[in-house]
There are 2 protein chains.
Amino acid sequence: RTRMINLPHAGWVRSVRTQKAHIFLHVNDGSSLQSLQVVAGAELNDQLLTFGSAVEVTGILKKSPHQKQAVELEAQRIHVIGECDPVDFPFKIKERHNLEYLRQFPHLRCRTNAFSSLLRIRSEATAAFHSFFKDNGFVQIHTPVITSNDCEGAGELFQVEPSSVGDAHREFFFSVPAFLTVSGQLHLEVMSGAFSRVYTFGPTFRAENSQSRRHLAEFYMVEAELGFLRSLNDLTKVMEDMFKSTTEQVLARCVEDVDLFHSKEVFFKALNVILSTFRMSYSEAVEILGRSTENFTFPWGCDLKTEHEKHLVKHCGNVPVFVTDYPYRLKPFYARANQDPPQNTAAAVDLLVPGVGELCGGSLREERLDVLTAHLEDAGLEDTYDWYLDLRRFGSVPHGGFGLGFERFLQCVLGVDNIKDVIPFPRYSHSCLL
Amino acid sequence: RTRMINLPHAGWVRSVRTQKAHIFLHVNDGSSLQSLQVVAGAELNDQLLTFGSAVEVTGILKKSPHQKQAVELEAQRIHVIGECDPVDFPFKIKERHNLEYLRQFPHLRCRTNAFSSLLRIRSEATAAFHSFFKDNGFVQIHTPVITSNDCEGAGELFQVEPSSVGDAHREFFFSVPAFLTVSGQLHLEVMSGAFSRVYTFGPTFRAENSQSRRHLAEFYMVEAELGFLRSLNDLTKVMEDMFKSTTEQVLARCVEDVDLFHSKEVFFKALNVILSTFRMSYSEAVEILGRSTENFTFPWGCDLKTEHEKHLVKHCGNVPVFVTDYPYRLKPFYARANQDPPQNTAAAVDLLVPGVGELCGGSLREERLDVLTAHLEDAGLEDTYDWYLDLRRFGSVPHGGFGLGFERFLQCVLGVDNIKDVIPFPRYSHSCLL
């Protein structure tokens, strides 16, 4: 079957092959990894047809004689609409530049196969999270970026003021100090007073002076809160369902793009991973670490570090591991006390995954006014969080929630080592390009 | 048909009615405006069953004898899980508090019918924009919040630095001054060098010292860029399709919630509006303003103010109006020159809508390296935007895009006067609650 196409096919040249009578182009428009093969008579050759140049091709779309593609375009006219000097262009034809090299060109790296695949996958993964929540009756809330809370008192906050204000003029724009959010949780808890299920998916910020492969100053979090929820098991179930459903959707919808990151073998291993998960308590984790041959010194009460998380994941056969019931004093003020002396744990759970470590953290929230008030008074925070106590004064319900680091999710699913390679424009200390 | 329900029905009490032998409760769980009617014997009455309290009700779900609801719950057990003191609770049963009053309680206002409806509509509208773009083959890009561009040199920027840095220690965290984004456009244009269609939907910021009903310091923008696009008409068509498709979807999926904001009459008028739009050039707009009985003094070359925008919308019969081809010197550096002396207009278009004025602004972007370079040199910006010129040096394509103010969209569709009432946590000068 042959059909006439009136509109020109447009895209960027990915390869040029010249034969005696013919030229062959691969033209890519970004809609998929696959380029359109263009076949033209040698008379249509043009020295401007270089790697990276933009072209419009008019011709006849035909069934291709080759197995690699279903169709090819027999060109009648090729128009170079945007030139690309092969000497100046930092990417070279047929060279596979590594991700670190690409990072130097944040305005151009999307033009490579590797990074355009990543961006299509990121877009599909974003859609996968939105559909998981929509299908399960969650209301999406745009929690604010600028906030007067410092949430967990984390300290590593960015502060915000108009740039035009001179140092002499020291009035706050918002009348109070304002920061970039580190989590939308407290704002989601506000919404848990009216909706049974809410979520948010947006940028969060840490002013950490870190150049690590696992941290960014600006990154995306998926956070959810569920009302009328009483058990940590029920919360863990939702976290697991979300992780499996979104991973499956990404792997199913981006087969070709994912394949660029993984061999088929790794791909099926990934599929396998999402079908099996493991659960253990923090106390069991401490025992496992104590029995390990790696000689960890890990007394009960300490916080798990990345090395411990990776060991636990490995110990369980490289599948996702849920660790539950952490020491109460390790967790922020809002975590629900299990009131199980002498240990005193909190109803909190972390999801650890292969290659990444902590991907997701959640807890039941303290809904009991008396317990929460006492805890905030101990910390001298009862005035700061008086509005938060109001949520427990008026129609308080048992509830819980979690947050997932979206970039870490992509790192885990794609096996990408450096977090800077899974976000369009990475921001970290000493780097804010464009 | 009667069926046993094992799980308790949970929600917040919206009304309590007591009769001799029975009590009637309306219990709402936030999934819709409609509450579940609970019927119980008088012996289940409890003085803690107050407006705003949280309850779990076990019982039998039955076909309701009343027309107002399909089912009702015959209660066997009612458990008050979260009390709500009617004296302290700022919202009173059967009172319809106005939106300005509600604004004082950002942590509680979602518990009112008006604001919970708004939040469900906002969530559905967000989904409507995502599906419009997904259905039309756009790749979603998370453009950065923190940026070292000041984009249009607008001046009204928020600057970002770690809060812990003392005044003495004056090194920038990112090595350069960093700001909150005012638009994702330039970052989307980066992506237009690899994808034919991209969009972003996220928070943007202006440090404007304004308390107006149309401005916020933090608001949401929907922005899109389309490659291989040559005519302003084609761009306008996409803007129109998006506006119609999303408005229709919101009106169709949130009938009950929208009805709380509009009478049925206004609802159908709104439906009518989205089916008819009007187009005129800026020059025609100037003529219309000149002929108006309102005695505008409006020489060619001035920028339209809100009063002018509203007049034009009214003049066209209160339908959305596209105004095209503005004076070149009014538009930012990236707008494409029409090169039509003596007027010298730019290929730019604004969408003006009833009740709001400017909702959406777009333009073709200057893709010609020589024209853009000359323009940036005139402004002394060629070094600052050298990376942007790179986009034109390597495989440049004709392209265009637009941005839509998401809160203004909600104001327009719902007829809400104040922008602070269509966002969960409004931020503006002197106000950053929670």
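Does the stretch A:107-122 hold any residues that are facing chain B (nearest Cβ under 7 Å) and under 28 Å from B:Arg427 (Cβ atoms), and which are they?
Listed by number, the list is empty, since nothing qualifies.
Can you tell me which condition B:Asp390 does not meet? The list is (1) under 15 Å from the mean Cα position of the chain (by Cα); (2) in a helix (DSSP H, G or I); (3) surrounded by fewer than 22 Cβ atoms within 10 Å (Cβ to Cβ); (4) not aromatic (Phe, Trp, Tyr), and all the others hold.
Exception for B:Asp390: condition (1).
Scan the stretch A:61-85 for residues that are within 14 Å of another protein chain (Cβ to nearest Cβ) and outside any strand (DSSP E or B) and jot them down.
So the first thing to find is which residues in the stretch A:61-85 are within 14 Å of another protein chain (Cβ to nearest Cβ), and the list is A:79-85.
Answer for the stretch A:61-85, where residues must be within 14 Å of another protein chain (Cβ to nearest Cβ) and outside any strand (DSSP E or B): A:Glu83, A:Asp85.
Out of the stretch B:90-104, which residues are assigned by TED's automatic domain parsing to the domain that holds B:Asp29 and aromatic (Phe, Trp, Tyr)?
Matches in the stretch B:90-104: B:Phe91 only.
Output the number of residues of the stretch B:209-240 satisfying the condition of being closer than 20 Å to A:Ala127 by Cβ and either of a type in the set (Asp, Glu) or not assigned by TED's automatic domain parsing to the domain that holds B:Ile141 (or both).
Qualifying residue count for the region: 2.
Tell me, which residue of the stretch A:198-208 that is farther than 21 Å from A:Arg122 by Cβ and buried (at least 23 other Cβ atoms within 10 Å of the Cβ) is farthest from the other protein chains (Cβ to nearest Cβ)?
So the first thing to find is which residues in the stretch A:198-208 are farther than 21 Å from A:Arg122 by Cβ, and the list is A:198, A:207-208.
Okay, now just the ones that are also buried (at least 23 other Cβ atoms within 10 Å of the Cβ), so A:198, A:207.
On the way: A:Val198: 8, A:Ala207: 4 Å.
Per the stated criteria, the residue is A:Val198.
Do we find that B:Thr373 is under 32 Å from the mean Cα position of the chain (by Cα) and either not acidic (Asp, Glu) or not in a helix (DSSP H, G or I) (or both) in this structure? Steps first, answer last, please.
Values: under 32 Å from the mean Cα position of the chain (by Cα): no; either not acidic (Asp, Glu) or not in a helix (DSSP H, G or I) (or both): yes.
Criteria not met by B:Thr373.
Being within 11 Å of chain A (Cβ to nearest Cβ), polar (S, T, N, Q) and out of contact with any Cys (no Cβ under 7 Å at 6 or more places or on another chain) is true for just one of B:Ser363, B:Ser396. Which residue is that? Talk me through it step by step, then tell me what you get.
Numbers: B:Ser363 fails: within 11 Å of chain A (Cβ to nearest Cβ).
Answer to the check: B:Ser396.
Under 19 Å from the mean Cα position of the chain (by Cα), assigned to a helix (DSSP H, G or I) and modelled with pLDDT under 95: which single residue out of A:Val273, A:Val238 fits that description?
Selected residue: A:Val273, the only one of A:Val273, A:Val238 that is under 19 Å from the mean Cα position of the chain (by Cα), assigned to a helix (DSSP H, G or I) and modelled with pLDDT under 95.
If you go through the stretch A:401-419, how many residues are within 14 Å of chain B (Cβ to nearest Cβ) and either surrounded by fewer than 21 Cβ atoms within 10 Å (Cβ to Cβ) or free of Cβ contacts under 8 Å to residues at least 40 places away in the same chain (or both)?
Narrowing the stretch A:401-419 to residues within 14 Å of chain B (Cβ to nearest Cβ): A:405-407, A:409-410, A:419.
Among the residues that remain, those that are also either surrounded by fewer than 21 Cβ atoms within 10 Å (Cβ to Cβ) or free of Cβ contacts under 8 Å to residues at least 40 places away in the same chain (or both) are: none.
The total comes to 0.
Pairs, please: C-beta under 8 Å, at least 6 apart or cross-chain, first residue assigned by TED's automatic domain parsing to the domain that holds B:Gly361 and in the stretch B:182-198, second assigned to a strand (DSSP E or B) and of a type in the set (Ser, Thr, Tyr)?
B:Val182/B:Thr204; B:Ser183/B:Thr204; B:Gly184/B:Thr200; B:Gly184/B:Thr204; B:His187/B:Thr147; B:His187/B:Thr200; B:Leu188/B:Tyr199; B:Leu188/B:Thr200
If a residue has to be surrounded by 16 or more Cβ atoms within 10 Å (Cβ to Cβ) and within 13 Å of chain B (Cβ to nearest Cβ) to count, how many in the stretch A:226-248 make the cut?
First pass over the stretch A:226-248, keeping only residues surrounded by 16 or more Cβ atoms within 10 Å (Cβ to Cβ): A:226-230, A:232, A:235-236, A:238-240, A:242-247.
Narrowing the set further to residues that are within 13 Å of chain B (Cβ to nearest Cβ) leaves A:226-230.
Number of matching residues: 5.
Mind checking which pairs have a first residue in the stretch A:298-316 that is in the same structural domain as A:Gly355 (by TED's automatic domain parsing) and over 13 Å from A:Ser281 (Cα atoms) and a second that is among the aromatic types (Phe, Trp, Tyr) and at pLDDT 95 or above, Cβ under 9 Å, 6 or more apart or different chains?
The qualifying pairs are A:Asp303/A:Tyr326.
Within the stretch A:16-52, which residues are within 14 Å of chain B (Cβ to nearest Cβ), over 24 Å from A:Arg122 (Cβ atoms) and hydroxyl-bearing (Ser, Thr, Tyr)?
Matches in the stretch A:16-52: A:Thr50 only.
Note down all Cβ pairs under 7 Å where the first residue falls in the stretch B:111-136 and is outside any helix (DSSP H, G or I), the second is among the aromatic types (Phe, Trp, Tyr), and they're at least six residues apart or on different chains.
Taking only residues 6 or more apart or on different chains, the pairs are B:Thr112/B:Phe91.
Can you tell me how many residues in the stretch A:318-339 are of a type in the set (Ser, Thr, Tyr), under 15 Å from A:Val371 (Cβ atoms) and either in a loop (DSSP other than H, G, I, E, B) or not assigned by TED's automatic domain parsing to the domain that holds A:Gly227 (or both)? Even if it seems obvious, please write down each step before you answer.
Within the stretch A:318-339, the subset of a type in the set (Ser, Thr, Tyr) is A:324, A:326, A:328, A:334.
From what is left, the residues that are under 15 Å from A:Val371 (Cβ atoms) are A:328, A:334.
Filter once more, keeping what is either in a loop (DSSP other than H, G, I, E, B) or not assigned by TED's automatic domain parsing to the domain that holds A:Gly227 (or both): A:334.
Qualifying residue count, the stretch A:318-339: 1.
If you go through the stretch B:170-192 one residue at a time, do you hit one that is facing chain A (nearest Cβ under 9 Å) and over 28 Å from A:His430 (Cα atoms)?
Checking the stretch B:170-192: not a single residue is facing chain A (nearest Cβ under 9 Å) and over 28 Å from A:His430 (Cα atoms).
Does A:Leu434 satisfy the criteria of being in a loop (DSSP other than H, G, I, E, B), within 14 Å of chain B (Cβ to nearest Cβ) and modelled with pLDDT under 95? Quick ask: steps written out before the conclusion?
On the way: in a loop (DSSP other than H, G, I, E, B): yes; within 14 Å of chain B (Cβ to nearest Cβ): yes; modelled with pLDDT under 95: yes.
Here the answer is yes, as A:Leu434 does meet what is asked.
The values are calculated or read from the model by the stated rules, or taken from the named source; none is laboratory data. From a predicted model like this one, the values you see are computed outputs, not experimental measurements. We place every Cβ from the backbone using ideal geometry, glycine too, and count neighbours over all the protein chains shown.
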